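Note sheet for the following structure.
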């Protein structure tokens, strides 16, 4: 697929993910402008893609576990988002995690933002998210 007028964004994303340090990238903008297609184009099968739906936490965690099981040898059962993000941060520091509709975490469990901050502070020199 060809992206028109997106060469700058594609180059920037590839540059940011090739850095030898932890990187968190936030992509935001109006709806229906191609943000999801852009990250899928740039990272494709080299990333873990999680779509954050508005449903019960345990159901989302089951969905996320299924996604991880496609590429990981071992994935524990997650009882909460703390377990989930704790596990993500123990994976290779070269992994790329994409959370589409990230803002939906606020509707499901507002503590997610603090949980991510906790693990980011703990592992920031070792992992990318």
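Inside the range 15-29, can you point out the residues that are closer than 21 Å to residue 102 by Cα and either out of contact with any helix residue (DSSP H, G or I) (no Cβ under 9 Å at 6 or more places or on another chain) or in a helix (DSSP H, G or I) (or both)? Let's see the steps before the verdict.
Just the residues of the range 15-29 that are closer than 21 Å to residue 102 by Cα, to begin with: 16-17, 22-29.
Hits for the range 15-29 are 16, 17.
Residues checked against (1) more than 13 Å from the chain's Cα centre (by Cα); (2) more than 23 Å from residue 59 (Cβ to Cβ):
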| residue | (1), (2) |
| --- | --- |
| 84 | no, no |
| 92 | yes, yes |
| 103 | no, no |
| 106 | yes, no |
| 115 | yes, no |
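Exactly one of (1) in contact with a helix residue (DSSP H, G or I) (Cβ under 7 Å, 6 or more places away or on another chain); (2) within 22 Å of residue 7 (Cα to Cα); (3) exposed (fewer than 15 other Cβ atoms within 10 Å of the Cβ) is unmet by residue 53. Its number?
Answer for residue 53: the failing condition is (2).
Of (1) surrounded by fewer than 12 Cβ atoms within 10 Å (Cβ to Cβ); (2) closer than 26 Å to residue 15 by Cα, residue 88 satisfies all except one. Which?
(1)
Just to be sure, is residue 80 at pLDDT below 90 and out of contact with any strand residue (DSSP E or B) (no Cβ under 7 Å at 6 or more places or on another chain)?
Working: at pLDDT below 90: no; out of contact with any strand residue (DSSP E or B) (no Cβ under 7 Å at 6 or more places or on another chain): yes.
No, not satisfied.
Only residues that are under 15 Å from the mean Cα position of the chain (by Cα), surrounded by 15 or more Cβ atoms within 10 Å (Cβ to Cβ) and modelled with pLDDT of 85 or more: list them for the range 1-40, please.
13, 35, 36, 38, 39, 40
Evaluate the range 44-55: report whether one residue or more is farther than 23 Å from residue 124 by Cβ and without any contact (Cβ under 8 Å) to a residue 40 or more places away in the chain.
Restricting attention to the range 44-55, the residues satisfying the condition of being farther than 23 Å from residue 124 by Cβ are 44-45, 51, 53-55.
Filter again for without any contact (Cβ under 8 Å) to a residue 40 or more places away in the chain, leaving 44-45.
Within the range 44-55, one or more residues are farther than 23 Å from residue 124 by Cβ and without any contact (Cβ under 8 Å) to a residue 40 or more places away in the chain.
The values are calculated or read from the model by the stated rules, or taken from the named source; none is laboratory data. In this text the structure is predicted, and so the values were computed from the model without any measurement. Neighbour counts are summed over all protein chains in view; Cβ atoms, including those assigned to glycine, are modelled from backbone coordinates with ideal geometry.
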